[in-house]
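To start, the structure itself, in structure tokens.
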Amino acid sequence: MQLFYNPTINETTETFSFDKEESKHIIKVLRKKDNDILFVTNGLGFLFKTEITLASDNKCTVKILEIQKTEAPKHKLHLAVAPTKMNDRYEWFLEKVTEIGIYEITPIVCDRSERKVINTERFEKIILSAMKQCNQTYLPKLNPAISLKEFIKRENSGEKLIAHCEETNKKSLKSILRPKTDYTILIGPEGDFSNKEIELALENNYIPVSLGETRLRTETAAVVACHSIVFTNED
């Protein structure tokens with residue numbers, strides 16, 4: 001199944017048109033025509049089965065035939081991950097956690113961050129593309145970049161964890177995970193969190209955790225954490 005995305009549609013929508021760019025892709029590239037079936041999501045858990053009523057490369061119009069609602073995950077995972085020095089590594093992380101299943105992502109700027117500016121628009125496109133590629137109907141939320149200090153001050157839901165590399169008393173992530181539980185997890189930059197940042201997190205009730213015996217790259221650590229929580233919630 002090839003999945004398309006339109007954030008404006010809902011259960012009451014009967015017909016709608018794709019924008020010019022998407023219409024051109026559907027008609028010119030995919031060579032779709034009148035009466036062909038398209039599957040569309042609005043990123044909120046709905047899957048719409050539609051039929052093309054006007055195969056125009058300027059304004060492809062469809063009518064909705066069926067609506068299905070995908071059950072929402074029983075947990076919410078919010079990963080706060082420092083941008084990597086090389087953009088492609090962060091983009092890889094965004095793609096993979098979207099495929100695995102994640103609720104929310106926040107880029108955090110830390111004391112040792114080598115990259116402090118991100119291209120939010122590009123990151124959103126990567127997440128959207130990954131969602132469509134793996135036929136998911138929930139679009140993860142990408143927040144603007146924020147300093148770690150500001151992020152910690154916010155009210156973040158569920159259990160709050162920080163994964164760092166310092167040789168201190170830490171619990172293994174595996175040992176504390178519980179199904180149907182929301183988690184917020186902090187993942188630091190290549191140089192890890194500073195001692196000051198770790199102390200700040202602990203003061204704000206973040207639990208220090210280990211992701212294993214080996215030292216992981218930032219993007220790898222984030223994927224490992226994401227998969228561990230999704231795996232814990234499998235039936």
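See the values below:
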quantity	calculated
For LEU54, residues with placed amide H under 5 Å, excluding near neighbours	THR61
GNM flexibility winner over the chain from THR106, THR181, THR12 (Cα, springs under 10 Å)	THR12
Amide proton proximity set for VAL109, modelled H, under 5 Å, gap of 5+	ILE146, SER147, LEU148
Rounded accessible area per residue of region 83-163, 1.4 Å, Å²	52
Cα gyration tensor category, rounded, prolate or oblate, for region 136-224 with a/c compared to 1.5	rounded
Residues MET1 and ARG89, FRET efficiency given R0 of 30 Å [Cβ-Cβ distance, rounded to 0.05]	0.50
Karplus-derived HN-Hα couplings along region 126-133 (A = 6.51, B = -1.76, C = 1.60, θ = phi - 60°), whole Hz, x at Gly and Pro	5, 5, 4, 4, 5, 4, 5, 4
Vicinal HN-Hα couplings computed from phi for region 218-226 (Karplus, 6.51 cos²θ - 1.76 cosθ + 1.60; Hz; Gly/Pro x)	3, 5, 5, 4, 5, 5, 4, 4, 4
Equivalent ellipsoid, region 1-41 (semi-axes from 5 times Cα gyration tensor eigenvalues, Å)	18, 11, 10
Rounded to whole Å, sorted largest first: equivalent-ellipsoid semi-axes of region 125-176, Cα gyration tensor	28, 18, 12
Residue-wise HN-Hα coupling along region 176-181, computed from phi with Karplus coefficients 6.51, -1.76, 1.60 (Hz; x: Gly, Pro)	10, 6, 10, x, 6, 10
With every protein chain in place, region 63-217: carbon and sulfur % of accessible area (1.4 Å)	45
Which listed pairs, of LYS132/LYS153; LYS63/LYS96; LYS76/LYS96; LYS153/LYS196; LYS116/LYS153, have C-alpha distances above 25 Å, in listed order	LYS132/LYS153; LYS63/LYS96
Region 46-171 - convex hull of alpha carbons, volume per residue in Å³	154
Reachable lysines from LYS28, criterion Cα separation under 18 angstrom, eight or more residues apart if same chain	LYS20, LYS59
Amide H partners (placed H, <5 Å) of SER210, local residues excluded	LYS171, SER172, LEU173
Helix-derived mean residue ellipticity, 222 nm - over the chain, DSSP H n ≥ 4, -39500 (n - 2.57), to 500	-8000 deg cm²/dmol
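The values are calculated or read from the model by the stated rules, or taken from the named source; none is laboratory data. Predicted model only: the values in this text are computed from it and were never measured. Here Cβ is always computed from backbone atoms with ideal geometry, including for glycine, and neighbour counts include all displayed protein chains. All accessible areas refer to the heavy atoms of the entire protein, side chains included, with ligands and DNA or RNA removed. Shrake-Rupley method; radii C 1.70, N 1.55, O 1.52, S 1.80 Å.
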